[in-house]
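Report on one structure; see the data block that follows.
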Amino acid sequence: GGSYPQKNAEILSSQYGINLFLAGLLLTFAWAVHAVGISKSHLLSYLITLMLIQLLWMLWYLCRSCTQRRLIRDKDTHAGARWLKCGITLFAVITLVLDSFKIGYYIDFSNCLSPTEGIFPVTHAVHTILQVYFLWCHAKDIIQSFKTLERFGVIHSVFTNLLLWTNGVLTESKHQLNEHKERLITLGFGNITIVLDDHAPQCNCTTTTLCSVFSQGIYYLYPFNIEYHILASTMLYVLWKNIGRKVEHHQQHKTLFKFHGITVGMIFGLIVLTSTIAIVVVYLIQIGRSKIKSESALTMFYLHAIFVLALMCTAGIVALLIYRLEDRSLDNSKNPARKLDAELLVGTAAGSWLLSWGSILAIICAQAHPKYTWYNLPYSILVIIEKYIQNLFIIESIHREQEKVNDNIKTLRIVTISRGNTLSLTPLYKEIYNDRAARDDGEVPCLFKGSTCRRENGDGGAKEETSQENSSVVHSASDFSFCSRNSVTNHKRRILKNIAAFLFLCNLSLWIPPAFGCRPEYDNGLEEIVFGFEPWIIVVNLAMPFSIFYRMHSAASLFEVNCKT
(Lines give C-alpha, C1' and ligand atoms only; values in the text may rest on other atoms or scores of the structure.)
Protein backbone atom coordinates (compact mmCIF):
# COMPACT_ATOMS: atom_id res chain seq x y z
CA GLY A 1 0.00 0.00 0.00
CA GLY A 2 2.83 2.41 0.81
CA SER A 3 4.68 1.80 -2.46
CA TYR A 4 1.78 2.91 -4.69
CA PRO A 5 1.88 6.66 -3.88
CA GLN A 6 5.68 6.59 -4.01
CA LYS A 7 5.57 5.05 -7.48
CA ASN A 8 3.18 7.80 -8.53
CA ALA A 9 5.54 10.41 -7.09
CA GLU A 10 8.40 8.91 -9.11
CA ILE A 11 6.35 9.04 -12.32
CA LEU A 12 5.09 12.58 -11.66
CA SER A 13 8.54 13.90 -10.81
CA SER A 14 10.10 12.32 -13.91
CA GLN A 15 7.41 13.86 -16.12
CA TYR A 16 7.97 17.23 -14.47
CA GLY A 17 11.69 16.99 -15.19
CA ILE A 18 11.16 15.95 -18.82
CA ASN A 19 8.80 18.86 -19.48
CA LEU A 20 11.24 21.23 -17.78
CA PHE A 21 13.99 19.96 -20.06
CA LEU A 22 11.92 20.06 -23.25
CA ALA A 23 10.87 23.66 -22.61
CA GLY A 24 14.49 24.68 -22.11
CA LEU A 25 15.61 22.63 -25.11
CA LEU A 26 13.09 24.36 -27.38
CA LEU A 27 14.14 27.76 -26.06
CA THR A 28 17.80 26.87 -26.72
CA PHE A 29 16.98 25.73 -30.26
CA ALA A 30 14.98 28.91 -30.93
CA TRP A 31 17.95 31.06 -29.91
CA ALA A 32 20.34 28.97 -32.00
CA VAL A 33 18.31 29.45 -35.21
CA HIS A 34 17.64 33.16 -34.51
CA ALA A 35 13.90 32.71 -34.03
CA VAL A 36 11.87 35.91 -34.12
CA GLY A 37 11.28 37.36 -30.65
CA ILE A 38 13.72 34.98 -28.90
CA SER A 39 17.05 36.35 -27.71
CA LYS A 40 19.88 35.01 -25.60
CA SER A 41 18.59 36.95 -22.59
CA HIS A 42 15.38 34.86 -22.63
CA LEU A 43 17.38 31.63 -22.55
CA LEU A 44 19.68 32.86 -19.80
CA SER A 45 16.72 34.12 -17.73
CA TYR A 46 15.18 30.65 -17.88
CA LEU A 47 18.44 28.99 -16.83
CA ILE A 48 18.99 31.50 -14.02
CA THR A 49 15.48 30.78 -12.69
CA LEU A 50 16.12 27.02 -12.69
CA MET A 51 19.44 27.44 -10.89
CA LEU A 52 17.89 29.69 -8.23
CA ILE A 53 15.14 27.12 -7.57
CA GLN A 54 17.78 24.39 -7.22
CA LEU A 55 19.81 26.58 -4.87
CA LEU A 56 16.77 27.04 -2.61
CA TRP A 57 16.12 23.30 -2.57
CA MET A 58 19.76 22.44 -1.79
CA LEU A 59 19.85 25.00 1.04
CA TRP A 60 16.67 23.55 2.49
CA TYR A 61 18.04 20.01 2.25
CA LEU A 62 21.36 20.99 3.85
CA CYS A 63 19.62 22.80 6.72
CA ARG A 64 17.33 19.83 7.33
CA SER A 65 20.31 17.47 7.26
CA CYS A 66 22.13 19.58 9.86
CA THR A 67 19.17 19.41 12.25
CA GLN A 68 19.00 15.61 11.82
CA ARG A 69 22.71 14.84 11.68
CA ARG A 70 22.52 12.60 14.75
CA LEU A 71 20.14 10.21 12.99
CA ILE A 72 21.68 7.09 11.44
CA ARG A 73 20.95 7.11 7.72
CA ASP A 74 21.31 4.43 5.10
CA LYS A 75 24.02 5.03 2.52
CA ASP A 76 24.56 3.65 -0.96
CA THR A 77 28.18 2.55 -0.78
CA HIS A 78 28.40 2.23 -4.58
CA ALA A 79 27.32 5.82 -5.28
CA GLY A 80 29.52 8.91 -5.13
CA ALA A 81 32.95 7.28 -5.07
CA ARG A 82 35.75 9.49 -3.77
CA TRP A 83 37.60 9.52 -7.11
CA LEU A 84 34.37 10.60 -8.82
CA LYS A 85 33.95 13.46 -6.34
CA CYS A 86 37.56 14.51 -6.91
CA GLY A 87 36.97 14.47 -10.66
CA ILE A 88 33.85 16.62 -10.50
CA THR A 89 35.66 19.01 -8.14
CA LEU A 90 38.46 19.46 -10.68
CA PHE A 91 35.96 20.19 -13.46
CA ALA A 92 34.06 22.56 -11.15
CA VAL A 93 37.22 24.57 -10.39
CA ILE A 94 37.84 25.03 -14.13
CA THR A 95 34.17 25.93 -14.55
CA LEU A 96 34.63 28.69 -11.99
CA VAL A 97 37.54 30.00 -14.06
CA LEU A 98 35.20 29.96 -17.07
CA ASP A 99 32.61 31.96 -15.12
CA SER A 100 35.24 34.52 -14.19
CA PHE A 101 36.17 34.86 -17.88
CA LYS A 102 32.51 35.40 -18.73
CA ILE A 103 32.21 38.09 -16.06
CA GLY A 104 35.31 39.82 -17.48
CA TYR A 105 33.91 39.51 -21.00
CA TYR A 106 30.63 41.09 -19.86
CA ILE A 107 32.42 43.99 -18.18
CA ASP A 108 34.37 44.73 -21.37
CA PHE A 109 31.21 44.65 -23.53
CA SER A 110 28.76 45.94 -20.91
CA ASN A 111 27.58 48.76 -23.21
CA CYS A 112 25.81 46.40 -25.61
CA LEU A 113 25.18 43.20 -23.64
CA SER A 114 22.05 42.30 -21.71
CA PRO A 115 22.33 42.39 -17.88
CA THR A 116 21.40 38.70 -17.85
CA GLU A 117 24.79 37.91 -19.42
CA GLY A 118 26.43 39.38 -16.32
CA ILE A 119 23.99 37.82 -13.84
CA PHE A 120 24.25 34.34 -15.38
CA PRO A 121 27.97 33.64 -14.65
CA VAL A 122 27.63 34.97 -11.09
CA THR A 123 24.60 32.76 -10.42
CA HIS A 124 26.31 29.83 -12.10
CA ALA A 125 29.43 30.24 -9.94
CA VAL A 126 27.37 30.18 -6.72
CA HIS A 127 25.37 27.23 -8.07
CA THR A 128 28.59 25.33 -8.85
CA ILE A 129 30.14 25.87 -5.41
CA LEU A 130 27.03 24.82 -3.49
CA GLN A 131 26.30 21.87 -5.76
CA VAL A 132 29.81 20.42 -5.40
CA TYR A 133 29.56 20.75 -1.61
CA PHE A 134 26.13 19.09 -1.72
CA LEU A 135 27.43 16.15 -3.80
CA TRP A 136 30.46 15.67 -1.54
CA CYS A 137 28.25 15.48 1.57
CA HIS A 138 25.07 13.79 0.31
CA ALA A 139 25.71 11.86 -2.94
CA LYS A 140 25.46 8.56 -1.00
CA ASP A 141 22.24 9.44 0.85
CA ILE A 142 19.20 7.20 0.66
CA ILE A 143 16.35 9.58 1.43
CA GLN A 144 13.55 8.13 3.55
CA SER A 145 11.69 11.28 4.65
CA PHE A 146 9.82 13.93 2.65
CA LYS A 147 10.24 11.52 -0.25
CA THR A 148 7.71 13.11 -2.60
CA LEU A 149 9.13 16.60 -2.17
CA GLU A 150 12.71 15.36 -2.46
CA ARG A 151 11.94 13.52 -5.70
CA PHE A 152 10.86 16.77 -7.33
CA GLY A 153 13.87 18.63 -5.93
CA VAL A 154 16.41 16.07 -7.10
CA ILE A 155 14.88 15.60 -10.55
CA HIS A 156 14.76 19.39 -10.95
CA SER A 157 18.50 19.43 -10.24
CA VAL A 158 19.13 16.61 -12.74
CA PHE A 159 17.44 18.37 -15.64
CA THR A 160 18.82 21.79 -14.68
CA ASN A 161 22.31 20.35 -15.11
CA LEU A 162 21.29 18.68 -18.37
CA LEU A 163 20.06 22.03 -19.72
CA LEU A 164 23.28 23.75 -18.64
CA TRP A 165 25.15 20.94 -20.38
CA THR A 166 23.06 21.44 -23.53
CA ASN A 167 23.70 25.19 -23.44
CA GLY A 168 27.45 24.60 -23.14
CA VAL A 169 27.44 22.02 -25.95
CA LEU A 170 25.52 24.34 -28.28
CA THR A 171 27.72 27.36 -27.58
CA GLU A 172 30.89 25.36 -28.09
CA SER A 173 29.52 23.67 -31.24
CA LYS A 174 28.59 27.01 -32.81
CA HIS A 175 32.13 28.24 -32.25
CA GLN A 176 33.60 25.06 -33.77
CA LEU A 177 31.21 25.32 -36.73
CA ASN A 178 32.31 28.87 -37.51
CA GLU A 179 35.95 27.80 -37.51
CA HIS A 180 35.08 24.81 -39.67
CA LYS A 181 33.32 26.93 -42.27
CA GLU A 182 36.37 29.17 -42.53
CA ARG A 183 38.67 26.15 -43.05
CA LEU A 184 36.57 24.38 -45.70
CA ILE A 185 37.69 26.66 -48.49
CA THR A 186 41.32 25.62 -47.96
CA LEU A 187 40.43 22.01 -48.77
CA GLY A 188 38.94 23.05 -52.10
CA PHE A 189 35.24 22.78 -51.25
CA GLY A 190 34.38 26.16 -52.72
CA ASN A 191 30.91 25.07 -53.74
CA ILE A 192 29.79 25.11 -50.07
CA THR A 193 28.29 28.42 -49.05
CA ILE A 194 30.13 29.94 -46.11
CA VAL A 195 27.73 31.82 -43.85
CA LEU A 196 29.04 32.49 -40.35
CA ASP A 197 26.62 32.17 -37.46
CA ASP A 198 27.77 35.26 -35.59
CA HIS A 199 26.53 36.09 -32.08
CA ALA A 200 29.33 38.57 -31.33
CA PRO A 201 28.45 41.83 -29.54
CA GLN A 202 27.71 44.77 -31.82
CA CYS A 203 30.00 47.22 -30.06
CA ASN A 204 33.66 47.88 -29.41
CA CYS A 205 35.54 46.35 -26.51
CA THR A 206 36.87 48.71 -23.84
CA THR A 207 40.13 46.72 -23.51
CA THR A 208 41.07 44.94 -26.74
CA THR A 209 43.74 42.66 -25.28
CA LEU A 210 41.58 41.43 -22.40
CA CYS A 211 38.61 40.90 -24.71
CA SER A 212 40.71 38.68 -26.94
CA VAL A 213 41.96 36.65 -23.96
CA PHE A 214 38.45 36.22 -22.53
CA SER A 215 36.74 35.37 -25.83
CA GLN A 216 39.37 32.80 -26.86
CA GLY A 217 39.87 31.36 -23.37
CA ILE A 218 36.17 30.74 -22.87
CA TYR A 219 36.00 28.20 -25.70
CA TYR A 220 39.04 26.26 -24.46
CA LEU A 221 37.39 25.89 -21.05
CA TYR A 222 33.97 24.76 -22.29
CA PRO A 223 34.93 21.05 -22.54
CA PHE A 224 35.54 20.95 -18.78
CA ASN A 225 32.29 22.78 -18.08
CA ILE A 226 30.42 20.28 -20.27
CA GLU A 227 31.92 17.30 -18.42
CA TYR A 228 31.18 18.90 -15.04
CA HIS A 229 27.45 19.23 -15.73
CA ILE A 230 27.03 15.76 -17.18
CA LEU A 231 28.84 14.21 -14.19
CA ALA A 232 26.69 16.22 -11.78
CA SER A 233 23.50 15.14 -13.53
CA THR A 234 24.48 11.44 -13.37
CA MET A 235 25.34 11.64 -9.65
CA LEU A 236 22.06 13.41 -8.93
CA TYR A 237 20.16 10.84 -10.99
CA VAL A 238 21.56 8.03 -8.83
CA LEU A 239 20.47 10.01 -5.75
CA TRP A 240 16.97 10.27 -7.26
CA LYS A 241 16.82 6.52 -7.96
CA ASN A 242 17.86 5.79 -4.36
CA ILE A 243 14.98 7.72 -2.77
CA GLY A 244 12.92 5.32 -0.66
CA ARG A 245 15.15 2.37 -1.56
CA LYS A 246 15.65 -0.47 0.90
CA VAL A 247 19.33 -1.32 1.14
CA GLU A 248 20.76 -4.75 1.76
CA HIS A 249 23.31 -4.32 4.52
CA HIS A 250 26.49 -6.17 3.66
CA GLN A 251 30.18 -5.52 3.94
CA GLN A 252 31.49 -3.33 1.13
CA HIS A 253 35.04 -3.89 -0.05
CA LYS A 254 37.10 -0.74 -0.17
CA THR A 255 38.54 -0.02 -3.59
CA LEU A 256 41.87 1.75 -3.52
CA PHE A 257 43.97 2.83 -6.46
CA LYS A 258 47.58 1.64 -6.33
CA PHE A 259 50.37 2.30 -8.80
CA HIS A 260 52.14 -0.90 -7.78
CA GLY A 261 51.99 -3.54 -10.49
CA ILE A 262 50.70 -1.35 -13.34
CA THR A 263 53.99 0.14 -14.52
CA VAL A 264 53.78 -1.39 -18.00
CA GLY A 265 50.24 -0.20 -18.62
CA MET A 266 51.03 3.28 -17.32
CA ILE A 267 54.15 3.62 -19.47
CA PHE A 268 52.41 2.63 -22.70
CA GLY A 269 49.39 4.74 -21.77
CA LEU A 270 51.54 7.81 -21.10
CA ILE A 271 53.28 7.31 -24.44
CA VAL A 272 49.88 7.34 -26.15
CA LEU A 273 48.79 10.39 -24.15
CA THR A 274 51.96 12.35 -24.96
CA SER A 275 51.83 11.49 -28.66
CA THR A 276 48.14 12.41 -28.84
CA ILE A 277 48.76 15.85 -27.34
CA ALA A 278 51.54 16.40 -29.88
CA ILE A 279 49.28 15.28 -32.75
CA VAL A 280 46.49 17.63 -31.61
CA VAL A 281 48.88 20.60 -31.42
CA VAL A 282 50.26 19.94 -34.91
CA TYR A 283 46.75 19.33 -36.27
CA LEU A 284 45.39 22.61 -34.97
CA ILE A 285 48.40 24.47 -36.37
CA GLN A 286 48.33 22.85 -39.81
CA ILE A 287 44.60 22.53 -40.50
CA GLY A 288 43.24 25.40 -42.54
CA ARG A 289 46.64 26.83 -43.49
CA SER A 290 46.61 25.40 -47.00
CA LYS A 291 45.19 22.43 -48.84
CA ILE A 292 48.44 20.44 -48.65
CA LYS A 293 48.94 21.14 -44.93
CA SER A 294 45.30 20.30 -44.17
CA GLU A 295 45.54 16.98 -46.01
CA SER A 296 48.80 16.09 -44.24
CA ALA A 297 47.23 16.96 -40.87
CA LEU A 298 44.25 14.70 -41.57
CA THR A 299 46.52 11.85 -42.74
CA MET A 300 48.66 12.21 -39.60
CA PHE A 301 45.58 12.15 -37.35
CA TYR A 302 44.09 9.05 -39.00
CA LEU A 303 47.34 7.04 -38.90
CA HIS A 304 47.88 7.82 -35.21
CA ALA A 305 44.27 7.03 -34.32
CA ILE A 306 44.34 3.74 -36.27
CA PHE A 307 47.46 2.64 -34.37
CA VAL A 308 46.00 3.57 -30.95
CA LEU A 309 42.61 1.95 -31.65
CA ALA A 310 44.30 -1.25 -32.84
CA LEU A 311 46.28 -1.41 -29.58
CA MET A 312 43.11 -0.83 -27.55
CA CYS A 313 41.27 -3.58 -29.43
CA THR A 314 44.12 -6.01 -28.77
CA ALA A 315 44.25 -5.13 -25.06
CA GLY A 316 40.48 -5.51 -24.74
CA ILE A 317 40.49 -8.93 -26.44
CA VAL A 318 43.28 -10.17 -24.13
CA ALA A 319 41.29 -9.03 -21.08
CA LEU A 320 38.13 -10.78 -22.30
CA LEU A 321 40.08 -14.00 -22.97
CA ILE A 322 41.42 -13.90 -19.39
CA TYR A 323 37.85 -13.52 -18.12
CA ARG A 324 36.78 -16.54 -20.19
CA LEU A 325 39.50 -18.62 -18.52
CA GLU A 326 38.29 -17.65 -15.04
CA ASP A 327 35.29 -19.12 -13.29
CA ARG A 328 33.88 -16.29 -11.22
CA SER A 329 30.23 -15.44 -10.63
CA LEU A 330 28.65 -12.08 -11.42
CA ASP A 331 27.14 -9.71 -8.86
CA ASN A 332 23.49 -9.28 -9.86
CA SER A 333 22.37 -7.32 -6.79
CA LYS A 334 20.38 -4.12 -7.30
CA ASN A 335 22.77 -1.23 -7.89
CA PRO A 336 21.46 1.97 -9.58
CA ALA A 337 24.95 3.45 -10.04
CA ARG A 338 26.30 0.36 -11.79
CA LYS A 339 23.20 0.02 -13.97
CA LEU A 340 23.47 3.67 -15.02
CA ASP A 341 27.17 3.22 -15.87
CA ALA A 342 26.39 0.32 -18.21
CA GLU A 343 23.49 2.14 -19.88
CA LEU A 344 25.57 5.29 -20.41
CA LEU A 345 28.41 3.32 -21.97
CA VAL A 346 26.17 1.72 -24.59
CA GLY A 347 23.97 4.79 -25.11
CA THR A 348 26.75 7.31 -25.61
CA ALA A 349 28.76 4.92 -27.80
CA ALA A 350 25.91 5.17 -30.31
CA GLY A 351 27.01 8.75 -31.04
CA SER A 352 30.40 7.77 -32.44
CA TRP A 353 28.93 4.69 -34.11
CA LEU A 354 26.56 6.98 -36.01
CA LEU A 355 29.46 9.15 -37.20
CA SER A 356 31.52 6.10 -38.15
CA TRP A 357 28.76 4.52 -40.23
CA GLY A 358 28.18 7.89 -41.90
CA SER A 359 31.85 8.07 -42.86
CA ILE A 360 31.87 4.48 -44.14
CA LEU A 361 28.80 5.13 -46.28
CA ALA A 362 30.30 8.37 -47.63
CA ILE A 363 33.53 6.59 -48.65
CA ILE A 364 31.56 3.88 -50.44
CA CYS A 365 29.20 6.26 -52.26
CA ALA A 366 31.55 9.15 -53.09
CA GLN A 367 32.59 9.55 -56.72
CA ALA A 368 35.97 11.13 -55.99
CA HIS A 369 38.28 9.99 -53.22
CA PRO A 370 41.20 12.17 -52.16
CA LYS A 371 44.06 10.05 -50.81
CA TYR A 372 43.62 11.05 -47.17
CA THR A 373 39.94 9.96 -47.13
CA TRP A 374 40.92 6.29 -47.53
CA TYR A 375 42.50 6.36 -44.08
CA ASN A 376 39.06 7.25 -42.76
CA LEU A 377 37.74 3.78 -43.67
CA PRO A 378 39.90 1.66 -41.30
CA TYR A 379 39.63 4.41 -38.69
CA SER A 380 35.82 4.31 -38.73
CA ILE A 381 35.73 0.49 -38.65
CA LEU A 382 38.14 0.37 -35.72
CA VAL A 383 36.10 2.95 -33.78
CA ILE A 384 33.06 0.65 -34.00
CA ILE A 385 34.99 -2.50 -33.04
CA GLU A 386 36.98 -0.85 -30.24
CA LYS A 387 33.92 0.50 -28.47
CA TYR A 388 32.17 -2.84 -28.83
CA ILE A 389 35.08 -4.71 -27.19
CA GLN A 390 35.71 -2.06 -24.53
CA ASN A 391 32.04 -1.96 -23.48
CA LEU A 392 32.05 -5.73 -23.02
CA PHE A 393 35.19 -5.53 -20.88
CA ILE A 394 34.01 -2.66 -18.67
CA ILE A 395 30.47 -3.96 -18.13
CA GLU A 396 31.69 -7.44 -17.23
CA SER A 397 34.37 -5.99 -14.95
CA ILE A 398 31.98 -3.86 -12.91
CA HIS A 399 29.59 -6.81 -12.55
CA ARG A 400 32.20 -9.35 -11.41
CA GLU A 401 32.31 -10.22 -7.74
CA GLN A 402 35.53 -9.44 -5.95
CA GLU A 403 37.72 -12.43 -5.32
CA LYS A 404 37.45 -13.96 -1.89
CA VAL A 405 40.25 -15.58 0.07
CA ASN A 406 40.32 -19.39 -0.14
CA ASP A 407 38.55 -21.04 2.77
CA ASN A 408 41.04 -23.91 2.93
CA ILE A 409 43.84 -21.75 4.36
CA LYS A 410 44.59 -22.98 7.84
CA THR A 411 46.82 -22.11 10.79
CA LEU A 412 50.45 -22.66 9.88
CA ARG A 413 53.76 -22.56 11.66
CA ILE A 414 57.10 -22.50 9.93
CA VAL A 415 59.76 -24.65 11.47
CA THR A 416 63.29 -24.16 10.20
CA ILE A 417 65.22 -27.39 10.34
CA SER A 418 68.96 -27.77 10.34
CA ARG A 419 70.53 -31.24 10.69
CA GLY A 420 67.33 -32.49 12.31
CA ASN A 421 67.27 -29.79 15.04
CA THR A 422 64.61 -27.10 15.39
CA LEU A 423 66.24 -23.67 15.31
CA SER A 424 63.20 -21.47 15.45
CA LEU A 425 59.46 -21.65 15.53
CA THR A 426 57.90 -18.65 13.79
CA PRO A 427 54.22 -18.07 13.00
CA LEU A 428 53.86 -17.07 9.34
CA TYR A 429 50.19 -16.16 9.10
CA LYS A 430 46.85 -17.10 10.46
CA GLU A 431 43.58 -17.01 8.58
CA ILE A 432 40.74 -19.06 10.02
CA TYR A 433 37.32 -19.19 8.36
CA ASN A 434 33.94 -20.71 9.23
CA ASP A 435 34.88 -20.75 12.93
CA ARG A 436 37.17 -23.75 12.45
CA ALA A 437 40.69 -24.07 13.79
CA ALA A 438 43.45 -25.87 11.96
CA ARG A 439 43.03 -29.61 11.98
CA ASP A 440 45.65 -32.32 12.31
CA ASP A 441 44.97 -34.01 9.00
CA GLY A 442 45.39 -32.50 5.54
CA GLU A 443 48.33 -31.14 3.65
CA VAL A 444 50.29 -27.94 3.96
CA PRO A 445 49.33 -25.51 1.16
CA CYS A 446 52.67 -23.80 0.59
CA LEU A 447 56.35 -24.55 0.12
CA PHE A 448 59.43 -22.89 1.53
CA LYS A 449 62.89 -23.80 0.37
CA GLY A 450 65.07 -24.88 3.22
CA SER A 451 62.14 -25.09 5.64
CA THR A 452 59.31 -27.38 6.63
CA CYS A 453 55.67 -26.34 6.82
CA ARG A 454 54.45 -28.15 9.88
CA ARG A 455 50.99 -28.59 11.38
CA GLU A 456 50.70 -28.99 15.14
CA ASN A 457 49.00 -32.12 16.43
CA GLY A 458 46.64 -32.16 19.36
CA ASP A 459 49.36 -33.58 21.62
CA GLY A 460 51.93 -31.07 20.45
CA GLY A 461 53.83 -33.49 18.15
CA ALA A 462 54.71 -32.88 14.52
CA LYS A 463 55.97 -34.83 11.54
CA GLU A 464 59.11 -33.65 9.79
CA GLU A 465 61.73 -34.93 7.39
CA THR A 466 65.15 -33.79 6.28
CA SER A 467 66.41 -33.63 2.69
CA GLN A 468 69.79 -33.09 1.01
CA GLU A 469 72.42 -31.34 3.16
CA ASN A 470 70.41 -29.10 5.53
CA SER A 471 66.63 -29.29 4.94
CA SER A 472 63.68 -30.84 3.18
CA VAL A 473 60.11 -29.98 2.42
CA VAL A 474 57.21 -32.38 2.59
CA HIS A 475 54.42 -31.56 0.19
CA SER A 476 51.70 -33.18 -1.83
CA ALA A 477 50.20 -32.57 -5.27
CA SER A 478 47.35 -30.60 -3.73
CA ASP A 479 49.81 -28.25 -2.00
CA PHE A 480 51.61 -27.50 -5.24
CA SER A 481 48.28 -27.08 -7.04
CA PHE A 482 47.10 -24.50 -4.52
CA CYS A 483 50.30 -22.44 -4.79
CA SER A 484 50.22 -22.68 -8.59
CA ARG A 485 46.62 -21.49 -8.75
CA ASN A 486 47.43 -18.58 -6.46
CA SER A 487 50.43 -17.59 -8.59
CA VAL A 488 48.43 -17.80 -11.84
CA THR A 489 45.58 -15.77 -10.33
CA ASN A 490 47.96 -13.01 -9.25
CA HIS A 491 49.56 -13.00 -12.69
CA LYS A 492 46.15 -12.67 -14.39
CA ARG A 493 45.15 -9.91 -12.00
CA ARG A 494 48.35 -8.00 -12.75
CA ILE A 495 47.70 -8.27 -16.50
CA LEU A 496 44.12 -7.05 -16.08
CA LYS A 497 45.24 -4.09 -13.96
CA ASN A 498 47.80 -3.10 -16.61
CA ILE A 499 45.19 -3.38 -19.36
CA ALA A 500 42.72 -1.25 -17.37
CA ALA A 501 45.43 1.38 -16.71
CA PHE A 502 46.43 1.42 -20.39
CA LEU A 503 42.83 1.75 -21.60
CA PHE A 504 42.19 4.46 -18.99
CA LEU A 505 44.98 6.65 -20.37
CA CYS A 506 44.02 5.83 -23.97
CA ASN A 507 40.45 7.00 -23.38
CA LEU A 508 41.73 10.22 -21.83
CA SER A 509 43.94 10.61 -24.90
CA LEU A 510 41.03 10.11 -27.32
CA TRP A 511 38.91 12.56 -25.31
CA ILE A 512 41.37 15.39 -25.96
CA PRO A 513 41.13 15.76 -29.79
CA PRO A 514 37.36 16.28 -30.19
CA ALA A 515 37.10 18.24 -26.92
CA PHE A 516 39.65 20.81 -28.10
CA GLY A 517 38.63 21.20 -31.73
CA CYS A 518 40.48 18.39 -33.52
CA ARG A 519 37.49 16.96 -35.39
CA PRO A 520 38.18 15.28 -38.75
CA GLU A 521 34.44 14.67 -39.12
CA TYR A 522 34.22 18.42 -39.79
CA ASP A 523 37.42 18.85 -41.79
CA ASN A 524 37.31 15.72 -43.94
CA GLY A 525 34.75 17.26 -46.32
CA LEU A 526 33.81 13.99 -48.03
CA GLU A 527 30.72 13.37 -45.88
CA GLU A 528 29.45 16.89 -46.56
CA ILE A 529 29.56 16.26 -50.32
CA VAL A 530 27.63 12.96 -50.05
CA PHE A 531 25.05 13.91 -47.42
CA GLY A 532 24.98 17.68 -47.94
CA PHE A 533 26.51 20.35 -45.74
CA GLU A 534 23.58 21.13 -43.44
CA PRO A 535 22.39 17.51 -42.85
CA TRP A 536 25.90 16.26 -42.03
CA ILE A 537 26.66 19.19 -39.74
CA ILE A 538 23.42 18.50 -37.85
CA VAL A 539 24.41 14.84 -37.44
CA VAL A 540 27.91 15.78 -36.21
CA ASN A 541 26.59 18.39 -33.76
CA LEU A 542 24.11 15.89 -32.31
CA ALA A 543 26.47 12.90 -32.11
CA MET A 544 29.76 14.56 -31.15
CA PRO A 545 28.79 15.52 -27.54
CA PHE A 546 27.87 11.89 -26.82
CA SER A 547 31.11 10.68 -28.38
CA ILE A 548 33.12 13.09 -26.22
CA PHE A 549 31.25 12.11 -23.07
CA TYR A 550 31.76 8.41 -23.86
CA ARG A 551 35.53 8.76 -23.64
CA MET A 552 35.45 10.56 -20.29
CA HIS A 553 32.86 8.16 -18.86
CA SER A 554 34.88 5.17 -20.09
CA ALA A 555 37.99 6.59 -18.43
CA ALA A 556 36.09 6.96 -15.15
CA SER A 557 34.72 3.40 -15.40
CA LEU A 558 38.17 1.98 -16.20
CA PHE A 559 39.61 3.78 -13.19
CA GLU A 560 37.01 2.00 -11.06
CA VAL A 561 37.85 -1.32 -12.74
CA ASN A 562 41.54 -0.81 -11.92
CA CYS A 563 40.73 -0.13 -8.27
CA LYS A 564 38.43 -3.15 -8.09
CA THR A 565 40.68 -5.69 -9.84
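Between residue 491 and residue 371, what is the FRET efficiency for a Förster distance of 51 Å, r being their Cβ-Cβ separation, to the nearest 0.05? Please report the intermediate quantities before stating the final value.
Numbers: r = 45 Å, r/R0 = 0.89.
In this case the efficiency is close to 0.65.
With Cβ to Cβ distances under 9 Å as the rule, what net charge do the other residues near residue 355 carry (K, R +1; D, E -1)?
On the way: positive: none; negative: 521, 527.
Here the charged neighbours net out to -2.
Excluding residue 158 itself, what net charge comes from residues whose Cβ is under 11 Å from its Cβ, given Lys and Arg +1 and Asp and Glu -1?
On the way: positive: 151, 241; negative: none.
After counting each charged neighbour, the total is +2.
If I ignore ligands, DNA and RNA and count only protein heavy atoms, how much of residue 388 is accessible to a 1.4 Å probe, in Å² to the nearest 10?
140
How many nm is it between the label spots at residue 86 and residue 205, if each spot is 7 Å from the Cα in line with the beta carbon?
Going from the residue 86 label point to the residue 205 one covers 3.7 nm.
Taking R0 as 25 Å, what's the FRET efficiency between residue 292 and residue 34 from their Cβ-Cβ distance, rounded to 0.05?
Details: r = 37 Å, r/R0 = 1.46.
The computed FRET efficiency comes out at 0.10.
Could you pull out every residue, at least 5 positions away or on a different chain, whose amide H is within less than 5 Å of the one on residue 400? Hs are placed 1.01 Å off N in the peptide plane, and Pro or chain starts have none.
HN-HN under 5 Å from residue 400: 331.
I want to check the label-to-label distance for residue 74 and residue 277. Put each point 7 Å from Cα in the C-beta direction and report it in nm to one decimal.
Going by the 7 Å Cα→Cβ label model, 4.6 nm.
Summing +1 for each Lys or Arg and -1 for each Asp or Glu, what net charge is found among the other residues whose Cβ lies under 15 Å from the Cβ of residue 312? Write down the numbers at each step before the final one.
Numbers: positive: 387, 551; negative: 386.
Residues near residue 312 contribute +1 overall.
With 18 Å as the limit, write out which pairs from 140/334; 497/564; 75/147; 7/75; 75/334; 140/339 have Cα-Cα distances beyond it, or answer none. Show your work: numbers first, answer last.
Numbers: 140/334 15 Å; 497/564 9 Å; 75/147 15 Å; 7/75 21 Å; 75/334 14 Å; 140/339 16 Å.
Distance filter (> 18 Å) returns 7/75.
Figure the gain on full extension for residue 12 and residue 314 (residue separation times 0.36 nm, minus the Cα-Cα span) and round it to one decimal in nm.
Working: separation 302, 0.36 × 302 = 108.72 nm, distance 4.65 nm.
Contour length minus the Cα-Cα distance gives 104.1 nm.
The values are calculated or read from the model by the stated rules, or taken from the named source; none is laboratory data. Owing to the predicted nature of the structure, the values given are computational and were not obtained by experimental measurement. Every residue, glycine as well, gets a Cβ built from its backbone with ideal geometry; the counts of neighbours run over all protein chains shown. Only protein heavy atoms, including side chains, enter the accessible area calculation; ligands, DNA and RNA are left aside. Shrake-Rupley method; radii C 1.70, N 1.55, O 1.52, S 1.80 Å.
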